[in-house]
Amino acid sequence: MSKCAVVTLRFELQHCIETKNLVRVFKGPDKGIVKALDDVSVTIEEGEIFGLLGPNGAGKTTFIKILSTLLLPTRGEAYVKGFSVVKEPNKVRKIINLVSGGETPGYGILTVRENLWFFSQLYGLPSSKAKEKIKLLMRELNFEEYANARMNKLSSGYKQRLNLARGLINDPDILFLDEPTLGLDVLTAKNLRDYMMNWAKQERKGTILLTTHYMAEADEMCDRVAIIDHGRILACDSPQTLKENLAKNPSAKIEISSTSINSDFLKSIHGIIGFTQTRNIQTGTTTLKVVARDESAFSKIVSKMTEENLKVLTVSKTEPTLEDVYISLVGKGFEEAEAADS
Amino acid sequence: MAVSTIFRSVKQAIWVGWKVETNWADPLVFSIYYVIRPLAGLLIVGFVFIIGSAVAGSFKPEYFAYMFIGNTFFIYVLQVTMTMSFLIHEDRSHYEVLKHIYLAPGSLRYYILGRALNGAMNASISLVLTIGLGVLIFQRLLGINIPIDWLSVNYPAVLLSLVIGTLCMISIGFVFSGINLLTSRIQFALPDYVSGIFYLLGGVVFPPEILPSWAQSISNALPVTYFLRAVRSSFLAQAYGSFSVDLLYLALTTVVTAFVGAVVFKAAEYKARRDGLIDRKEEY
Amino acid sequence: MIEDLVFNLKVAYARLWVRVKGGNREPHWILTEVTVPILTLSAYVYLYKMLNAPAEFAGFVVIGGTMIAFWSNVLWNMSAQFYWEKETGNLQMYLVAPISRMAILLGMAVGSIVNTALRAVAILAVGILIFQVPIFLRDPAVAVLIFVLTIVALYTLGMLFASLFLLYGREAWHTVSLLQEPVHFLSGFYFPVRYLPFLIQLVASAIPITFGLDGIRRVIISGETAIDVLPHVAALIIFILILMPLSKLALNFMENLGKKEGRLTLRWQ
């Protein structure tokens, strides 16, 4: 094969983002070892919105930090548009940006406009072009009226808009979003999600790697989702396919009129793959979300409740959600997984 | 409010201050703030004195002692006022605990009082160490005569002066805490200004008599002037005034500053609550 | 390469602009940063007066008090800067951008010099006017030369500290605190360092500002000329030549270490 052909072949096979057997180990607080990423191999294509979904401490932020060149992997390789994040970090930085939720980088004493101008200079935008870009971003993100307000006077919602504007100022090919809607109210979060989807799909046609522990967010936004737990990728496919694969495992919601039930007995019922429970103090109820191998498991649960003199209020079959996918893979919900780790 | 609640608030605040500020867990950090820095300050003034005297061809040990006592005891002014100025912003914006302290049964002012008392305790530790090392360096190593007969010092008088003087500094500190409840913009500037003015006009390193007359008038109105004079009278055979008169003036100025501190803090607390500032985070 | 240099100079300018804008946005800061040092140095001037020291000692104090503004700035606005950036979440923004870290440090340094110079001039002017400090300046060019070299050496030292403190949280804060009053003493901010015991002078000569301060005083107050302060000029140049590459090395080393240990964006440590 000629050299040209080999080069062409390599180019065609190049993914936008690629990791190969990525491992990252930290020294834990008590001098133990924490494996934040365990043999993660993922490919993300150009123009994709790729989600990484998992509970707190699963390794999502570690993964993004390695790809954005903030952190070195312990072992393995990672490439962004063919550039090694370890050996060619500066080339990577030119084509990416990072927006982290819950953080608002910037100088409180400067105005919104002044902060954005400053960030634009970190990417070499000529001042005139930067001014236009800033105006456009502020208009699109609906905070133009705060242009001359000092950053330390903004509410968290507007600070996050500023954060997103900062992330887009250099027109990146790839945008890393690390829990971008963390701590935001429902409406602001929805508006930001809509904006990011429009940016990726219509306007810029950029690639987004999104980490989140909000199932609905991943479901709504992502072309593909990888479910991560304890540093390992458990499943990776489109949200639709993941849910369809689970269709053969029915899931149901069972509402019980008590907040003091001990759901450990569910582990002993044959046929249950995983479950999660939510207590509602206001209504005095507990909702069990159960994924099972077959529907007979649900009647066993109801029988057990009756034996314990607990009133079952409703039993309803549910369409599989990403949470159910997670439960089927891990055996418990996010909250239980986080509680077990803490 | 029950005495037990007050006592508990103050005790807990002293404990928190001890844990957060005193850095017992890290001896190096402790020594930086409570030994090395105050000692360096003393060495600077001491060497200014020694060198100035050498080039002028005349060394007066009684003036050296004047400076020595003034500079070392000034640490109470610095420690208490700075603690009370910084703690509002730290606890509100950095540690985000202020609103929880405010909502707890013990009042915020008793918490601040406890933190100020911890500041005074830290100052006492620093004072003893600085005096000890200062005597070692100046008297033993450099051969400077510090005319203090440590066995003849009137320690009860020193203690009484310290107690009243500390109460005075705490009162001034409440003004700072009150102002910082409303804005953190001048949390560093306030104690800097006040300690700077006290240092220059309060007879810390030289008698105020060498200042211009308008400055002397200000000096005569400052509580720190009487605080240091009372302390000096207890230490030094040569009196710089009458101890009882200085103590009386110190007590009077303390009463005035206590009244001002209470009024300012109460007004600031009310305004902060009215304007929603108790839990407002500021980035300074 | 030229393109890269121009780009990074623009980045440095942007960081400088932030520092100058932010540093002067609250007018009361300027007032405080001029008034408080004047209060402190006044105390020492009056102490010298009480001791009947020659008038030139007032000049020594005024110059020392002026240079303290730069030393404090190097400590708090340079050395601890990356710590502050980390605490406020700005550091990762810099690390993800395709810029030279030295450009950021350069911008910080020059911005700090601009801010501090404004304050220093005010302190110097007020101090000279109030205390009628005797000036005996025979060679202004040498005074400017020593001042410039001192500032460059100081801020290069600040860049080195900023690099070293990139990873360290509260330790950076404490170390910077340690370098305040002890350096005021060792470097002779309020008295000529030649009066200190030899061993202390030896230790002091490891700090660039010792040479700068002594040199400036000799030229402005004592009327010495270029020949007299040649050793000071040479020492400052040597400091710059050593500190500049050292700060780059330290920055690269600390950044790599931080990326290996995962501490670059770790807060509250």
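Taken together, the values in this text are just the output of simple stated rules run on the coordinates, not laboratory data. Quick caveat, the model's predicted, so the values are computed rather than measured. Don't worry about glycine lacking a Cβ; one is built from the backbone with ideal geometry, like all the others, and counts go over all protein chains shown.
Values computed for the structure shown
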| quantity | calculated |
| --- | --- |
| Percent RCO, i.e. relative contact order, over segment B:144-263, from Cα pairs under 8 Å lying at least 6 residues apart | 40 |
| Stokes-Einstein diffusion coefficient of chain C, Kirkwood radius over Cα pairs, 10 °C, 1.306 mPa s, in µm²/s | 81 |
| Sorted by Cβ neighbour density within 10 Å, fewest at the top, the residues C:H232, A:H270 | A:H270, C:H232 |
| Cα-derived Rg over Rh, computed across segment A:247-341 with Rh taken as Kirkwood radius | 0.93 |
| Which listed pairs, of A:K153/B:K271; B:K266/C:K86; A:K65/A:K94; A:K201/C:K10; A:K135/A:K201; A:K60/A:K87, have C-alpha distances above 26 Å, in listed order | B:K266/C:K86; A:K201/C:K10 |
| Candidates B:F86, B:F138, B:F68, ranked by Gaussian network fluctuation over chain B, Cα under 10 Å, top entry | B:F138 |
| Positive-end residue, the protein assembly as shown charge dipole about Cα centroid, Cβ charges, pick of A:I49, B:L200, B:G134 | B:L200 |
| Cα shape, segment B:139-284, gyration tensor, a/c 1.5 rule | prolate |
| Residue of C:V142, C:V121, C:V110 that the Gaussian network model of chain C assigns the largest fluctuation, springs spanning Cα pairs under 10 Å | C:V121 |
| Residues A:L310, B:L78, C:L202, C:L105, sorted so that the one with the fewest Cβ neighbours within 10 Å comes first | C:L202, A:L310, B:L78, C:L105 |
| FRET efficiency, A:Q240 to B:D26 (Cβ-Cβ, R0 51 Å, nearest 0.05) | 0.35 |
| Whole-number D in µm² s⁻¹ for chain A, Kirkwood Cα-pair radius fed into Stokes-Einstein, 10 °C, 1.306 mPa s | 71 |
| Cα-derived Rg over Rh, computed across segment C:44-132 with Rh taken as Kirkwood radius | 1.20 |
| For chain B: rounded, prolate or oblate by the Cα gyration tensor [a/c cutoff 1.5] | prolate |
| Efficiency of FRET from Cβ geometry, A:V25 and A:K253, R₀ 45 Å, rounded to 0.05 | 0.70 |
| Residue among C:A204, C:A97, C:A122 with the largest mean-square fluctuation in a Gaussian network model of chain C, springs linking Cα atoms under 10 Å | C:A97 |
| For segment A:273-282, 3J(HN,Hα) per residue [Karplus equation, 6.51 cos²θ - 1.76 cosθ + 1.60, θ = phi - 60°, Hz, x = Gly/Pro] | 8, x, 7, 9, 10, 10, 9, 10, 5, 4 |
| Karplus-derived HN-Hα couplings along segment A:121-138 (A = 6.51, B = -1.76, C = 1.60, θ = phi - 60°), whole Hz, x at Gly and Pro | 6, 5, 10, x, 6, x, 3, 5, 5, 4, 4, 5, 4, 4, 4, 5, 5, 5 |
| Estimated FRET transfer efficiency (B:K19, C:I238; beta-carbon r; R0 60 Å; 0.05) | 0.85 |
| Helix-only [θ]222 nm of the protein assembly as shown, DSSP H runs n ≥ 4, -39500 (n - 2.57) each, per residue, nearest 500 | -19000 deg cm²/dmol |
| Nonlocal amide H pairs with A:V225, under 5 Å, H built at 1.01 Å | A:G51, A:D237, A:S238 |
| Stokes-Einstein D in µm²/s, Kirkwood radius over Cα pairs - the protein assembly as shown at 25 °C with 0.890 mPa s viscosity | 78 |
| The protein assembly as shown: antiparallel DSSP beta bridges as a percent of all, rounded to 5 | 65 |
| Charged-residue dipole, Cβ positions (Lys, Arg, Asp, Glu), segment C:1-146 about Cα centre, Debye nearest 20 | 120 |
